[in-house]
Amino acid sequence: MTAPTKFTPETVSAVPESSHAEMVDQVKSRFRYATTRYIKNLMEQSDAVRKQFEPSFYELMDFGKEQPFEEGKDNSGIYGLERIYEDRAVITPYFGCASYCRYCFKKTRTLGGDNKVMAEENIDAALEYIRSDSRITTALITGGDPLAKPALVYKILEQLSAIPHITKIRIGSRHILFQPDRITTELAERISSYNRVDPEKPLASKNISIGVSINHADELQPEVIRAVQQFTKRGVTVRGQMVLMKGINDDVATLKNLLNHFLATGIVPYYLFHCMDVVGTYHMRTSVQRGLDILAQLAEFSGTYSVPYVYVTPVGKHRVSPGMKLDYEEIDGKRYIRRTSPYKAERFLAFSGKKSLPELHEVDENGYIVSRYLDGNDTYLPY
């Protein structure tokens, strides 16, 4: 039987197992599959790691957005610069990674793109844009994975650290997991050299932090922990971000174990993200309520388990907390969470450079953006 090129959540059970291998080949022809030797070995040891990196025929399912969040796209005509908040700007110098996570919200660019690098003139223009607006106090260097191209990071850090109103510089990375041996003493010392605390003028300090994405305790092997320590022992804060995913970390014991590993190794628990509705992630997305239920059960323990839980829309993050009642709305047979965001439409349009709000977003009577976010479900598909 010829493998179907597309199917729906309603028809997934009718896809014959004999077609799965052929369909995985179709997935690989659209979204690249690559892992490092380190990740490949870890996949053989851990089912939770394997599920994050191994292509699945479910990725052909007729589901999800090509670009659920526009981070890293042109902003103010500058490739690789993004801004939707008053006080923050994002620079994406490199769209490639050493390994490809199947749930990546930039899937169509990192897994389907050409590892595009910001040109020198784009970097200079982005930094000049940040330099010209004193309201921007935080800069995030993200990817792809910026630590895969250290020279680009050094160039950006050198200029960012010289901007008086930039006090917080964050580097978002998963390279610490992909290739922990590449987190050398030289790299850590160079990055930490920009971390400067001014006791006399605290707001003149430069705080450098690393945001590392770790979704399961199996990922925190000795090599990865040593890589993290390259930064923490030099005074650079490392924060741990997690994505909630079915069959990987969507239960109390697994998430608690991961948070315990963070706390024991000097990683500051940061965000728990709901898995975004990017193309090919239907089988990985829980309901938002699932995350709330897990956090509610963790609440009886230490407050250090009370991580901010967010889902992300094109207008920004929406924080949800245990006990919150979610307001649902059905559109074309799909369940959406309807919520008034903390973001004013006027400000979003001004900072993002966009002329209109994204689809399924509107303005309420007070000028705030009302968003609709596609919820997941808690039906498990084997993968």
Cβ-based net charge around Glu10, under 15 Å, with every Lys or Arg adding one and every Asp or Glu removing one: +1
From phi via Karplus (6.51, -1.76, 1.60), per-residue ³J(HN,Hα) for the range 169-174 in Hz, x at Gly/Pro: 10, 10, 10, x, 8, 10
Share of carbon and sulfur in the accessible heavy-atom surface of the chain [1.4 Å probe, %]: 48
Positive minus negative residues near Ile183 (Lys, Arg vs Asp, Glu; Cβ under 13 Å): +1
Sorted peptide list for 75-84, 90-99, criterion being average Cβ within 10 angstrom, highest first: 90-99, 75-84
Trypsin sites (Lys or Arg not before Pro) restricted to DSSP loop in the range 98-143 with at most 14 other C-beta within 10 Å: Arg135
The range 309-383: GluC sites (Glu not before Pro) in DSSP coil with no more than 12 other Cβ atoms inside 10 Å: Glu359, Glu365
Where the chain is the region considered: accessible area per residue in Å², 1.4 Å probe: 43
222 nm mean residue ellipticity, helices alone, for the chain (DSSP H n ≥ 4; -39,500 (n - 2.57); rounded to 500): -8000 deg cm²/dmol
Protection proxy ranking of 270-279, 171-180 - average other beta-carbon atoms within 10 Å, highest first: 171-180, 270-279
Listed residue pairs exceeding 21 Å between alpha carbons, taken from Lys51/Lys317; Lys155/Lys317; Lys325/Lys354; Lys28/Lys149; Lys51/Lys246: Lys51/Lys317; Lys155/Lys317; Lys325/Lys354; Lys28/Lys149
Karplus (6.51, -1.76, 1.60) ³J(HN,Hα), θ = phi - 60°, over the range 336-353, in Hz, Gly and Pro reported as x: 10, 9, 9, 7, 6, 7, x, 10, 6, 4, 4, 6, 4, 5, 5, 7, 7, x
In the range 93-167, GluC sites (Glu not before Pro) in a DSSP loop with at most 16 other beta-carbon atoms within 10 Å: none
Net charge dipole size for the chain [Lys, Arg +1 and Asp, Glu -1 on Cβ; Debye, nearest 20]: 800
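The values are calculated or read from the model by the stated rules, or taken from the named source; none is laboratory data. Values in this document were obtained by computation on a predicted structure and should not be read as measured data. Cβ: placed from backbone, ideal geometry, glycine included. Neighbour counts: every protein chain shown. The area values use the complete protein model at the heavy-atom level, side chains included, leaving out ligands, DNA and RNA. Shrake-Rupley method; radii C 1.70, N 1.55, O 1.52, S 1.80 Å.
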